[in-house]
1. To the nearest 10 square angstrom, what accessible area does B:Leu55 show with a 1.4 Å probe?
2. Other chains near B:26-33: what is the mean number of their Cβ atoms within 10 Å of each residue's Cβ?
3. Among the chymotrypsin sites (Phe, Trp or Tyr not before Pro) within the range B:1-93, which fall in a DSSP loop and have no more than 14 other Cβ atoms within 10 Å of their own Cβ?
4. Whole-Hz Karplus ³J(HN,Hα) for the range B:10-15, in order, using 6.51 cos²θ - 1.76 cosθ + 1.60 and θ = phi - 60°, x for Gly and Pro?
5. Give the B-A buried accessible area in Å², both sides summed, 1.4 Å probe, nearest 100.
6. Tell me, what HN-Hα J-couplings in whole Hz come from the Karplus equation 6.51 cos²θ - 1.76 cosθ + 1.60 at θ = phi - 60° for each residue of the range A:80-94, using x for Gly and Pro?
7. Excluding residues on the same chain fewer than 8 positions from A:Lys75, give the lysines whose Cα lies under 21 Å from its Cα.
8. Just to check I understand the Karplus step: with θ = phi - 60° and J = 6.51 cos²θ - 1.76 cosθ + 1.60, what whole-Hz values come out for the range B:55-60, glycine and proline as x?
Amino acid sequence: VQLVESGGGVVQPGTSLRLSCAASGFTFSSYAMHWVRQAPGKGLEWVALISYDGTIKFYADSVKGRFTISRDNSKNTLSLQMNSLRPEDTAVFYCARGPQSGYDLPFDYWGQGTLVTVSS
Amino acid sequence: QSVLTQPPSASGTPGQRVTISCSGSNSNIGSNAVSWYQQVPGMAPKLLIYNYNHLRPSGVPDRFSGSRSGTSASLAISGLQSEDEADYYCAAWDDRLHSPIFGGGTTLTVL
């Protein structure tokens with residue numbers, strides 16, 4: 001199982017960024033997927049989840065209305081579109097695999113993370 | 001302020017047994033499975049313990065064990081080793097928030 005995030009970078013407040021997570025080594029279309037972030041020196045914060053087929057999506061209140069999670073099962077790719085970015089969104093973003101049945105926990109595999117820095 | 005409460009730090013000497021607590025409520029630990037994650041500084045988190053029967057993924061030593069009582073859970077590490085020095089997080093689904101939630105994390109120091 002391998003999860004590889006990409007798309008992070010330094011952006012100004014109010015702008016947008018799209019993160020991707022390339023999955024391999026398992027049947028991507030059978031698993032729920034999550035985004036979890038970690039601000040510098042802080043703990044883990046769950047961001048968003050998407051069911052195996054993309055029909056169910058949930059978001060943390062802190063990103064609701066600004067972030068959109070999506071997946072392309074034909075390309076084994078998970079995405080996170082982040083709009084109206086704020087300095088408090090600065091964090092390492094991890095994609096994590098959820099369970100094969102349902103969409104909750106545990107997160108049994110994690111990517112290495114991609115750093116998003118929101119600063120003027 | 002995290003919904004799940006963990007002590008910010010814990011410590012022990014090599015060979016010792018240490019426990020890390022995670023306190024929640026009826027809407028999370030009281031009604032859903034708890035999972036535990038280890039994060040070595042600079043690395044991605046790693047799943048240690050999951051599910052009601054406190055399963056360990058393959059490769060996780062049996063020195064790590066989990067338990068739950070009511071609305072609290074604990075991670076126990078026996079035979080403490082220097083490589084266990086890391087941050088530890090508990091997590092559970094919350095029925096009220098309808099989302100996963102994490103504890104604030106506990107930094108374990110091996111003296």
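The values are calculated or read from the model by the stated rules, or taken from the named source; none is laboratory data. Keep in mind the model is a prediction, meaning the values are calculated, not measured. Quick reminder, even Gly has a Cβ in these numbers, built from the backbone with ideal geometry, and neighbours come from all protein chains shown. Heads up: the accessible areas ignore ligands, DNA and RNA and are worked out on the full protein's heavy atoms, side chains in. Shrake-Rupley method; radii C 1.70, N 1.55, O 1.52, S 1.80 Å.
1. Counting only protein heavy atoms, the figure is 70 Å².
2. Mean inter-chain Cβ contacts per residue within 10 Å come to 1.
3. B:Tyr52
4. 8, 8, x, 9, x, x
5. 1400
6. 9, 8, 10, 10, 6, 5, 10, x, 6, 7, 4, 5, 8, 9, 10
7. A:Lys57
8. 6, 10, x, 4, x, 8
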